Amino acid sequence: MDSPNTPAAQIRKVVIAGGGTAGWLAACALSNQFRDRLDITLVESEQIGTVGVGESTVPPIRTFHRFLQIDEQEFLRAVAGTFKLSISFENWRRPGERYIHPFGITGQGTWAAAFHHFWLDSLRRGMPSELGDFCLETLASRGDQFSLQSQPQVNYAYHFDAGLYAKYLRRIAEGYGLRRVEGKIREVRQRADDGAVQALVLEDGQVIEGDLFIDCTGFRGLLIEQTLGTGYEDWNEWLPSDRAVAVQTESVGPPVPYTRAIAHEAGWRWHIPLQHRVGCGLVFSSRHMSDDEARAKLLRDVGAPAIRDPWLVPFRTGRRLKAWNKNVVALGLASGFIEPLESTSIHLAISAVVRLVQLFPFDGIASSLVELYNEVSRAEMEHVRDFIILHYHATQRDEPMWKACREMPLPDSLEIRLRAWRERAHAWQDPDELFRVDSWTHVMLGQGIQPGPPHPLARALADDDLRKLLDSIRQPIERAVAGMPSQQAFIDRYCKAGPEVWGNRPVPR
Ligand SMILES: Cc1cc2nc3c(=O)[nH]c(=O)nc-3n(C[C@H](O)[C@H](O)[C@H](O)COP(=O)(O)OP(=O)(O)OC[C@H]3O[C@@H](n4cnc5c(N)ncnc54)[C@H](O)[C@@H]3O)c2cc1C
């Protein structure tokens, strides 16, 4: 690494180890931006394969796709994609209850006071409504509707087939001239002087040298952990789930425009509808449920015929102590993992790739860049971690796992947020956070945390003015949603995947 007295070695050869979603995201971004300046190689092993899950996303993926000049219709056809407006949380606060965590903006606040203060005060004055009535994405989710032409516009993300997405990204990166090498990495060779990585040696004897290595080898962390021994901070004390069993099923109805997250006695189950099938999985705590119980429960609860055998994915929630160590940058699962409840992992990989592009060390690895990169990565992951802990902590379920979560001590950063809510109805956010005030508000209310008194500005409004304000927000949303087609009708017109994706599977109707 750079020191004040030694010139840093320039970075020209980049090697990406691993070709799952993270590897191909990195390959696309780097080759899109720097194909004339860098020699980029990606090594992957079909024999090892990818984790095979990761099919629900959050809206910033659309910005990333715009950077890459991806055509949305072509993309959705290629990955059998559907639209995602929200997550439906079922059985979280108590069995039988549901709330929606929508994307997009809820209501309209003022500079000083967020919208939910006005809404809370309207309840106090006996004007009944739900917070979601003031959110386009919630209303459209309730009716299984979708359109890109609505006014106000929708904020959305995607559901897609993870295998097809990696293939799609690969086509783009190879179009930019990226070199892909098929093969299993047998050895990671280190430099004698500083221990940095020098080359990857494949099973067939090929030696792939590089100046900078991007570790996208998934949970293995072949370079960042198995070679450099970077270390891992474990968050299991707050997030008890440590395994998932995944399966794919036939679609037995039109796709809903949201991911379903359904709590059960020892974790939760995801349901991600694609055009040609549904991705399902049971996330669970191995202390409270065995693998066999989880597999049987999943197959019982999915309510549709499985189209492949279930597979088990053990994981460890936490983060790599340094995402960037020496000349290795870990991305995706190699850099850490927060369980998939809010579908944040692909987003975190994209955010890290963008950060790497922006700080790319052409003139050598400066310690300031590494520290900056690692500090931002840490803060970003801890923010997401706190948001996920909120879901586990704030429930009234009485099974042992949930009871333990309710009683556990929280990270200080989350504790203070919850106090601000309980004492003064504030859902605080830092400017760079992924989850904004509206997200925190919907989830805190949905999980049953009572807010304190709303902002004095809301309390000062005359009844008539408050009623007019609420109507002026709600009515255009109701009109917009009334004019929306079903998501299925919209997909049929806009981005229906062809037979190369459907294969000989029946098309649901
Ligand atoms: C249960 C579960 C559910 C998830 N759901 C979501 C979700 O809904 N939304 C979301 O955003 N994220 C989700 N994720 C996370 C998401 O799956 C990952 O972030 C994403 O797939 C990226 O994975 P990856 O590329 O880092 O790793 P992998 O997919 O594991 O890819 C690793 C790559 O490294 C290669 N490799 C490994 N060892 C070697 C070797 N020795 N030689 C050569 N190649 C090698 C493999 O062949 C493969 O190509 C989920 C994760 C889990 C565990």
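The values are calculated or read from the model by the stated rules, or taken from the named source; none is laboratory data. Predicted, not measured: the structure shown is a model, and the values here were computed from it. Neighbour counts are summed over all protein chains in view; Cβ atoms, including those assigned to glycine, are modelled from backbone coordinates with ideal geometry.
Yes/no matrix, rows are residues, columns are (1) of a type in the set (S, T, N, Q); (2) crowded, with 18+ Cβ neighbours inside 10 Å:
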{"residue": "THR106", "(1), (2)": "yes, yes"}
{"residue": "ARG124", "(1), (2)": "no, no"}
{"residue": "PHE146", "(1), (2)": "no, yes"}
{"residue": "VAL154", "(1), (2)": "no, yes"}
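So for the stretch 336-346 (the condition being hydroxyl-bearing (Ser, Thr, Tyr), closer than 22 Å to ALA157 by Cβ, within 14 Å of the ligand (Cβ to nearest atom) and buried (at least 23 other Cβ atoms within 10 Å of the Cβ)), does at least one residue qualify? Yes, the stretch 336-346 contains a residue that is hydroxyl-bearing (Ser, Thr, Tyr), closer than 22 Å to ALA157 by Cβ, within 14 Å of the ligand (Cβ to nearest atom) and buried (at least 23 other Cβ atoms within 10 Å of the Cβ). If you go through the stretch 207-241 and pick out every residue that is surrounded by 16 or more Cβ atoms within 10 Å (Cβ to Cβ), farther than 21 Å from THR21 by Cβ and among the β-branched types (Val, Ile, Thr), you end up with 3. Among the acidic types (Asp, Glu) and exposed (fewer than 15 other Cβ atoms within 10 Å of the Cβ), is that true of ASP432? Spelling it out, ASP432 is indeed among the acidic types (Asp, Glu) and exposed (fewer than 15 other Cβ atoms within 10 Å of the Cβ). Going by the conditions given, is GLY163 modelled with pLDDT under 95 and exposed (fewer than 13 other Cβ atoms within 10 Å of the Cβ)? For GLY163, the condition - modelled with pLDDT under 95 and exposed (fewer than 13 other Cβ atoms within 10 Å of the Cβ) - is not met.
Annotation for the stretch 389-404: no member residue is at pLDDT 95 or above, within 25 Å of TRP440 (Cβ to Cβ) and assigned by TED's automatic domain parsing to the domain that holds ASP215. Among the residues of the stretch 240-266, write down those that are within 13 Å of the ligand (Cβ to nearest atom) and under 18 Å from the mean Cα position of the chain (by Cα). If the condition is that a residue be within 13 Å of the ligand (Cβ to nearest atom) and under 18 Å from the mean Cα position of the chain (by Cα), then SER241, ASP242, ARG243, ALA244, ALA246, TYR258, THR259, ARG260, ALA261 are the ones that fit. Those strands (runs of 3 or more DSSP E) of the stretch 233-286 in which 2 or more residues are farther than 29 Å from VAL481 by Cα and not hydroxyl-bearing (Ser, Thr, Tyr) occupy 243-249, 267-273, 278-284. Would you confirm, using the coordinates I've provided, whether THR41 is more than 8 Å from the ligand (Cβ to nearest atom) and not assigned by TED's automatic domain parsing to the domain that holds LEU222? No, not satisfied.
Being within 29 Å of ARG260 (Cβ to Cβ) and free of Cβ contacts under 8 Å to residues at least 12 places away in the same chain: is that true of ALA349 here? Here the answer is no, as ALA349 does not meet what is asked. Is it fair to say ILE224 is in the same structural domain as ALA196 (by TED's automatic domain parsing), in a loop (DSSP other than H, G, I, E, B) and touching a helix residue (DSSP H, G or I) at 6+ places or on another chain (Cβ under 6 Å)? Considered against the rule, which asks whether it is in the same structural domain as ALA196 (by TED's automatic domain parsing), in a loop (DSSP other than H, G, I, E, B) and touching a helix residue (DSSP H, G or I) at 6+ places or on another chain (Cβ under 6 Å), ILE224 comes out as yes.
Restricted to the stretch 44-86, and to residues there that are among the basic types (Lys, Arg) and within 16 Å of the ligand (Cβ to nearest atom), the residue that is farthest from PRO254 (Cα to Cα) is ARG62.
Quickly run through the stretch 354-381 and pick out the residues that are over 17 Å from ASN325 (Cβ atoms) and either part of a helix (DSSP H, G or I) or in contact with an Asp or Glu (Cβ under 8 Å, 6 or more places away or on another chain) (or both). Selection gives VAL354, VAL357, GLN358, ALA379, GLU380. Cβ-Cβ contacts under 7 Å between residues 6 or more apart (or on different chains), taken from a first residue in the stretch 449-466 that is over 12 Å from ARG424 (Cα atoms) to a second residue that is loosely packed, with under 15 Cβ neighbours inside 10 Å and hydroxyl-bearing (Ser, Thr, Tyr), are listed as LEU457/THR110.
Within the stretch 164-173, the set of residues being within 15 Å of the ligand (Cβ to nearest atom) and either within 14 Å of ALA22 (Cβ to Cβ) or charged (D, E, K, R) (or both) comprises TYR165, ALA166, LYS167, LEU169, ARG170, ALA173. Does GLN198 count as surrounded by 15 or more Cβ atoms within 10 Å (Cβ to Cβ), in the same structural domain as GLY23 (by TED's automatic domain parsing) and at pLDDT 95 or above? Here the answer is yes, as GLN198 does meet what is asked.
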